[in-house]
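The values are calculated or read from the model by the stated rules, or taken from the named source; none is laboratory data. Since the structure is predicted, the reported quantities are computational estimates derived from the model, not experimental observations. Neighbour counts run over all protein chains shown; Cβ positions are idealised from the backbone, glycine included. These area figures cover heavy atoms from the full protein model, side chains too; ligands, DNA and RNA do not enter into them. Shrake-Rupley method; radii C 1.70, N 1.55, O 1.52, S 1.80 Å.
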Amino acid sequence: QVQLVESGGGSVQAGGSLRLSCAASGRSFTSSIMGWFRQAPGKEREFVAAIRWSGSTFYTDSVKGRFTISRDNARNTVYLQMNSLKPEDTAVYYCAADLYKNGGSWHSAGPWGQGTQVTVSS
(Lines give C-alpha, C1' and ligand atoms only; values in the text may rest on other atoms or scores of the structure.)
Protein backbone atom coordinates (compact mmCIF):
# COMPACT_ATOMS: atom_id res chain seq x y z
CA GLN A 1 0.00 0.00 0.00
CA VAL A 2 1.43 3.34 -1.06
CA GLN A 3 1.17 5.93 1.66
CA LEU A 4 2.66 9.13 3.02
CA VAL A 5 2.59 9.79 6.75
CA GLU A 6 3.29 13.26 8.13
CA SER A 7 4.43 14.08 11.64
CA GLY A 8 5.85 17.01 13.55
CA GLY A 9 2.99 19.47 13.57
CA GLY A 10 1.97 21.37 16.67
CA SER A 11 1.42 24.76 18.24
CA VAL A 12 4.11 27.40 18.56
CA GLN A 13 4.34 31.12 19.16
CA ALA A 14 5.25 33.51 16.39
CA GLY A 15 8.97 33.41 15.71
CA GLY A 16 9.23 29.78 16.71
CA SER A 17 10.24 26.73 14.69
CA LEU A 18 8.83 23.35 13.76
CA ARG A 19 10.10 20.50 11.61
CA LEU A 20 7.66 18.38 9.66
CA SER A 21 8.52 14.91 8.44
CA CYS A 22 6.90 12.81 5.75
CA ALA A 23 7.63 9.10 5.60
CA ALA A 24 6.79 7.49 2.27
CA SER A 25 6.27 3.78 1.76
CA GLY A 26 4.86 1.25 -0.65
CA ARG A 27 7.01 2.10 -3.67
CA SER A 28 10.18 3.90 -4.57
CA PHE A 29 9.94 7.71 -4.46
CA THR A 30 13.55 8.34 -5.40
CA SER A 31 12.74 9.82 -8.81
CA SER A 32 9.61 11.59 -7.64
CA ILE A 33 9.40 15.32 -6.96
CA MET A 34 8.16 15.49 -3.38
CA GLY A 35 6.65 18.48 -1.70
CA TRP A 36 4.42 20.20 0.79
CA PHE A 37 1.13 22.01 0.43
CA ARG A 38 -0.97 23.70 3.08
CA GLN A 39 -4.58 24.65 3.60
CA ALA A 40 -5.71 27.34 6.00
CA PRO A 41 -9.31 27.53 7.27
CA GLY A 42 -11.60 28.90 4.59
CA LYS A 43 -8.85 28.97 1.98
CA GLU A 44 -7.81 26.76 -0.92
CA ARG A 45 -4.89 24.39 -0.63
CA GLU A 46 -1.68 26.10 -1.71
CA PHE A 47 1.80 25.01 -2.70
CA VAL A 48 4.57 25.54 -0.14
CA ALA A 49 7.75 23.78 -1.29
CA ALA A 50 9.06 21.03 -3.56
CA ILE A 51 12.29 19.09 -3.96
CA ARG A 52 13.65 17.02 -6.82
CA TRP A 53 15.60 13.80 -6.27
CA SER A 54 18.71 15.78 -7.14
CA GLY A 55 18.07 18.21 -4.30
CA SER A 56 16.86 21.17 -6.35
CA THR A 57 14.27 23.08 -4.34
CA PHE A 58 11.34 25.37 -5.04
CA TYR A 59 9.39 27.58 -2.65
CA THR A 60 6.39 29.81 -2.69
CA ASP A 61 7.44 33.42 -2.14
CA SER A 62 5.87 33.77 1.29
CA VAL A 63 8.13 31.13 2.85
CA LYS A 64 11.43 31.82 1.08
CA GLY A 65 14.22 32.39 3.56
CA ARG A 66 12.18 30.88 6.42
CA PHE A 67 11.36 27.32 5.32
CA THR A 68 13.76 24.66 4.09
CA ILE A 69 12.72 21.47 2.36
CA SER A 70 15.05 18.47 2.30
CA ARG A 71 14.88 14.77 1.61
CA ASP A 72 16.62 11.57 2.59
CA ASN A 73 16.23 9.24 -0.38
CA ALA A 74 17.62 6.27 1.52
CA ARG A 75 14.87 6.68 4.12
CA ASN A 76 12.14 7.75 1.67
CA THR A 77 11.55 10.74 3.93
CA VAL A 78 10.97 14.41 3.20
CA TYR A 79 11.35 17.19 5.74
CA LEU A 80 10.14 20.75 6.05
CA GLN A 81 12.08 22.91 8.50
CA MET A 82 9.99 25.95 9.35
CA ASN A 83 11.66 28.88 11.11
CA SER A 84 10.46 32.36 12.00
CA LEU A 85 6.89 31.14 11.91
CA LYS A 86 4.09 33.66 11.53
CA PRO A 87 0.40 33.41 12.44
CA GLU A 88 -0.40 33.35 8.70
CA ASP A 89 1.50 30.05 8.46
CA THR A 90 -1.28 28.42 10.46
CA ALA A 91 -2.73 25.62 8.32
CA VAL A 92 -2.95 21.90 7.81
CA TYR A 93 0.23 20.86 6.03
CA TYR A 94 0.10 18.02 3.52
CA CYS A 95 2.95 16.01 2.09
CA ALA A 96 2.59 14.94 -1.53
CA ALA A 97 4.45 12.95 -4.16
CA ASP A 98 4.77 13.14 -7.92
CA LEU A 99 4.57 16.90 -8.08
CA TYR A 100 4.56 18.65 -11.45
CA LYS A 101 4.25 22.18 -12.66
CA ASN A 102 1.48 23.20 -15.02
CA GLY A 103 0.58 26.69 -16.08
CA GLY A 104 2.97 28.17 -13.56
CA SER A 105 1.40 26.33 -10.63
CA TRP A 106 2.49 23.24 -8.76
CA HIS A 107 0.19 20.23 -8.55
CA SER A 108 0.46 16.67 -7.31
CA ALA A 109 -0.59 13.48 -9.04
CA GLY A 110 -0.64 11.91 -5.58
CA PRO A 111 -0.44 10.19 -3.26
CA TRP A 112 -1.13 12.63 -0.43
CA GLY A 113 -0.60 12.35 3.27
CA GLN A 114 -3.37 12.81 5.79
CA GLY A 115 -2.12 16.22 6.89
CA THR A 116 -0.67 17.64 10.08
CA GLN A 117 -1.88 20.76 11.87
CA VAL A 118 0.46 23.70 12.41
CA THR A 119 -0.83 26.51 14.61
CA VAL A 120 1.15 29.71 15.16
CA SER A 121 -0.08 32.13 17.80
CA SER A 122 0.80 35.81 17.98
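Observations on the model:
- Extents of the chain, largest first, come to 40, 30, 26 Å (Cα atoms, principal axes, whole angstrom).
- Amide H contacts of Ile33: Asp98, Leu99, each under 5 Å away and 5 or more positions distant or on a separate chain (H built 1.01 Å from N in the peptide plane; Pro and chain starts excluded).
- Qualifying chymotrypsin sites (Phe, Trp or Tyr not before Pro) in the range 24-122, where qualification requires a DSSP coil assignment and no more than 13 other C-beta atoms within 10 Å, comprise Trp53.
- Residues whose amide H lies under 5 Å from that of Arg71, counting only those 5 or more places away or on a different chain, are Tyr79; hydrogens are built 1.01 Å from N in the peptide plane.
- Table column - 3J(HN,Hα) (Hz), the range 18-23, Karplus curve with 6.51, -1.76, 1.60, x for Gly and Pro: 9, 10, 9, 10, 9, 9
- Accessible surface area normalised per residue over the chain is 51 Å², counting heavy atoms of protein chains with a 1.4 Å rolling probe.
- For Ser11, the solvent-accessible surface with a 1.4 Å probe is about 100 Å², rounded to the nearest 10.
- Surface accessible to a 1.4 Å probe, Thr57 within the full protein complex, Å²: 60 Å²
- Measuring nothing but protein heavy atoms, the accessible surface of the chain at 1.4 Å probe radius is 45 percent carbon and sulfur.
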